[in-house]
Structure formats: structure tokens, C-alpha cells
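To start, the structure itself, in C-alpha cells.
The values are calculated or read from the model by the stated rules, or taken from the named source; none is laboratory data. None of the values given here were measured: they were computed from a predicted structure. Every residue, glycine as well, gets a Cβ built from its backbone with ideal geometry; the counts of neighbours run over all protein chains shown. Remember, those area values only see protein heavy atoms, side chains included, never the ligands or the DNA or RNA. Shrake-Rupley method; radii C 1.70, N 1.55, O 1.52, S 1.80 Å.
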Amino acid sequence: MHVLVIGGGISGLAAAHQLLASGARVTVLEASSRLGGKLRAGSIAGTAAVDLGAESMLARRPEAVELARAVGLGEQLEPPSMAGGAIWTRGAVRPMPKGHLMGVPGDPAALGGVLSPEGLARIAEDGRLPRTEVGDDVAVGEYVAQRLGREVVDRLVEPLLGGVYAGDAYRISMRAAVPQLYEAARGERSLLAAVRAVQDRAAAAPAPHGPVFMGIEGGVGRLPRAVADACADKGADIRLSTPVRELRRAPSDGGSGWLAVTEHEALSADAVVLATPAPAAARLLAPHTRAAATVLDEVEYASMALVTLAFRRSEADRIPDGSGFLVPPVDGRAIKAATFSAHKWSWVAAQDPSLFVLRTSLGRYGEERVLERDDAELVELSLRDLRAATGLDARPVDTLVSRWDGGLPQYPVGHLQRVAAVRAATDALPGLAVAGAVYEGVGIPACVASGQRAARHVLESAESVNENGEKTRHE
């Protein structure tokens, strides 16, 4: 069985890896000049390795860590060397309050300093308010603001959700982004009770083993290359700078084949895994399923920039302990977060002890105008905010700006219903499956799982009815 994987991000590469393990022949077509999508490794100050995209994987969800082990990176897996996030708000970098669920508190007493006295008093109304129905879905920010007040959203929920989706909490689907809270809110009268119910269930469950997050020595950006190399070793044909202009049905021998038309040729295959961002998927699917294409055409994306800065360690002594801090947009700062990479990852600190490497992020959904500034301006904005937050007054020895235009798909209210509609439409096309961050999660494990799910789907759909009415499997 020959399968075309269109898209060489981590979702497409995970699909290719799964297909090869099942005996399929695989061709990967990537439109750009490199693999990995939003995972990218680089270097700063000459030799210091850094991640220019995502830098860690949720380890409690196993797919990404298992894939890393399968492609030979098991010995390089490394948890953060320093935990303890913080939030820069109300003029100080403060420890992140404990006992919250994506910023929604279970114990308001932990929020002193982050919320005003008025904001804390507003939380107390949750127990007196009538029940708020969540229905089929509701925006996280809208629901939390109704129950606990806008301060909880603006100073806690917003920066935390923004760190995941670069989105707007008042638009993001609670059912898609915080499903545990959504399910608990359906059964509890108050929001605080719902959070405590989730926490009580977690406390009663067997204690999870291992770290919550995991990185890779040298950067998570190494993962796509390692997967690609493992696929090539198993015979995969991986082609860069090969955009697919058109996807055609090409039935043959009573089955259902596909043709991917590139600039130079038309490649035939028994099945296709379409692992591209939503706009490209919509364009290729439009001739075959207008329903799926219409939904995908409406997906919105957030753009952002990462500014990586290398300082002389002797001049970075004002940097506080901890892995970094988040910044509530309501405070009006340019940066949305800062990660102290030399604190967070021991391999970053070890590769050049004379350097202190950190990075900031700028831009989110609806606030992309800051990204119209040139690289030098983004560096200066980052330095200005770092100085105000930490007192750091040194000049970096090197800087690197990574821009991610259309970096993260948005998950507004009703997202899961729209995904279900796309799945239903594409499942009706024999030998085709979709994968990627737009569907069931933007994190690395979710993207890996999406690619693996797509691979299983096309393998299962390879069963067809032959002329005698018997089921056969293409091998």
C-alpha cells in the first residue's frame, strides 16, 4: 500500500512513522524547504543550541515522548531542571498561585497580590449566584467572568490560556481547551465547587509517575529530524519544497486511489494523509467535500514572535530564580511571557556556562500589530519589559527573532462540533484522513496522536470489497 503524506510537520511525520511500521510505502511531500512545522531548532551566540518554536512536551500524555524514544532520542529526554512559574502583574513578578485549573482557582485565598481586594470579594459571589448552564459549549472567559468576575479571567486565565493558544480567553471553547472543567461545570452548582471536584478526583487517582513536562537535550526541534531520519531508514521518500497544487481522485482496479499534482508531476497513491494547516487542507479538499472545506476555510490563526536573547552570565545576575513568567495582556506590556531557558533546561546552561539564554514571546490573536515592527524593535521591546520586570539592564551579546505567522489555530466556541463535521465529511472519502493542530489539540503529543490516528484510519480504510464481495486489505 502506497500512502502520500502531505505536510512534513510533526503530525505528518508521526503519521509516516506509523504507516511505515505497518508495512506501507510512504511518500512525504512538504511545501517548505524544511521539516518540522512549528518545531525548529537553531543556535545563538555562535554555538548555543536553542529551540525557536515549541520547547517542551506534556509528558503525562505519552504519544510524543514515546515517539521520541522510538526514534532514538530516549537518552536525550530531559525534564525541566527548575519548575515554579510566575506571573508579572501589578508591578511585581509573583509566584503563580497554587491550586488552580488553567487559572481558575479552587481556593481564592491563594490569589492575594494577584487580584485586588475587589476582585477577591467578587469571587465570593460564586456561591450565592444561581447555577449557570454551560450548554453544548461556552467560552472559558465568558463563563469564568460570570461566576468569579473579570479579574480572574484577565489576570490568571488569560495569560495561561494565551501561553497555550496565543488566543483570547473570551472566545476560546471551554469544552475544547479545558474539558475537565467543562464536564465538572455541568454537574456542579458553582464554579469553585467544579474546580474542587476536578482536584478531588485527581487527588483520589493513583499518583502519576514521572515529570509533567519533558524536553530534549539540544532542543525539541531535534524531534522532527530524528523522526524523518527513522522514516528514511525504513524507505520513506521525503521531498522538500514540493507543494501539492491539486488533489484528485484516481480510482483504479476497483479501488479508490488518489493523485497529488505537484509542479513537476502527478504522484499516485492508494491513500492520503492530509497533515497541513487548515487553509491548505481546505483548498485541496474543496473539489471533494465542500462541507469540510468550508469549515476549514473559517479557521482563524494567531501569529507570534519569539525573541531569543543571549547575555553574559556575569551581567544577568538580576534574573530571578524560576523558569520564567507570564504576563496578563490587561497590564499593557509588549511581551506575553518570558522563559529563562538557562534556568529551565540544564542542557542550555551546560553548553556554554558563560552565557545566560532566555526568550520572550510577543503577539497573540487580535494583537498582531506588534509584529509589524522589525526585529530590532521587537528586541528593544523585550529588553524594555525585562528591565521593568527584573531589573536586567545588560545588553545581549546576540539576539534571534523567530516569527510564526499563522502559528496557532484558534479553538473558539463550537470548535469540537466543527471538527466532528470535518471528520464526518472526510471519513466519507475512501483512503483519506486529516491530521494536525487544528483538530484535537495544539500541543506536541496531541499533534503526534492526530497523525497516528490518521495513519490508522487510512490503513483500516484500505479494506475494500473485491469483485467477489470479499474484503481484502492492500498490503
| query | How much of His17 can a 1.4 Å solvent probe reach, expressed as accessible area in Å² and rounded to 10? | reply | 30
| message | So, R0 is 56 Å and r is the distance between the beta-carbons of His264 and Ala350; what FRET efficiency does that work out to, to 0.05? | response | 0.75
| the stretch 296-327 and the stretch 142-203: distance between their alpha carbon centers, rounded to Å | 24
| query | Given the Cα-Cα distance of Arg34 and Ala110 and 0.36 nm per residue of separation, how much length would full extension add, in nm? | reply | 22.8 nm
| note | The correct ranking of Arg122, Arg201 by accessible area at 1.4 Å, largest first, is Arg201, Arg122
| said: Between Asp297 and Glu125, what is 0.36 nm times their sequence separation minus the Cα-Cα distance? Round to one decimal in nm. | reply: 57.8 nm
| message | Could you work out how much longer the chain between Ala204 and Ala83 gets when fully extended? Use 0.36 nm per residue separation minus the Cα distance between them, nm to one decimal. | response | 41.2 nm
| task | Mind giving me the nanometre distance, one decimal, between the label points for Arg61 and Arg245, set 7 Å out from Cα along Cα→Cβ? | result | 3.7
| query | Lysine pairs, Cα distance under 26 Å, 8 or more residues apart or cross-chain: how many in the chain? | reply | 6
| task | State whether the stretch 101-196 is rounded, prolate or oblate according to the following rule on the C-alpha gyration tensor (a ≥ b ≥ c being the square roots of its eigenvalues): a/c under 1.5 gives rounded; otherwise a/b larger than b/c gives prolate, and the remaining case gives oblate. | result | oblate
| request: Give the residues of the stretch 335-355 whose amide nitrogen is closer than 16 Å to a point set 7 Å from the Cα of Arg312 in the direction of its Cβ. | output: 353-355
| remark: Relative to the chain, whose Cα atoms define the longest principal axis, helix 444-461 and its Cα axis are tilted in degrees, nearest 10, by 20
| How many nm is it between the label spots at Val330 and Arg94, if each spot is 7 Å from the Cα in line with the beta carbon? | 1.1
| message | I need two numbers for the stretch 1-103: Rg to one decimal and Dmax as a whole number, Cα atoms only, in Å. | response | 18.5, 61
| Lys/Arg Cβ at +1, Asp/Glu Cβ at -1, dipole of the stretch 341-398 taken about the Cα centre: which of Phe356, Trp345, Leu371 is farthest positive-ward? | Trp345
| query | Among Val330, Ala449, Val152, which residue has its Cα positioned farthest towards the positive end of the charge dipole of the chain, with +1 placed on the Cβ of Lys and Arg, -1 on the Cβ of Asp and Glu, and the dipole taken about the Cα centre? | reply | Val152
| remark: Per residue, accessible area of the chain with a 1.4 Å probe, heavy atoms of protein chains only, in Å², comes to 42
| said: What does the C-alpha gyration tensor say about the overall shape of the stretch 276-421? Classify as rounded when a/c is under 1.5, otherwise prolate if a/b is larger than b/c, or oblate. | reply: prolate
| field | Cα gyration tensor, the stretch 398-448 - rounded (a/c under 1.5), prolate or oblate | value | prolate
| Summing -39500 (n - 2.57) over the DSSP H runs of n ≥ 4 in the chain and dividing by its residue number, what mean residue ellipticity at 222 nm do you reach, to the nearest 500 deg cm²/dmol? | -9500 deg cm²/dmol
| request: Tell me the label-point distance for the pair Thr47, Thr132, using the 7 Å Cα-to-Cβ offset, in nm and rounded to one decimal. | output: 5.5
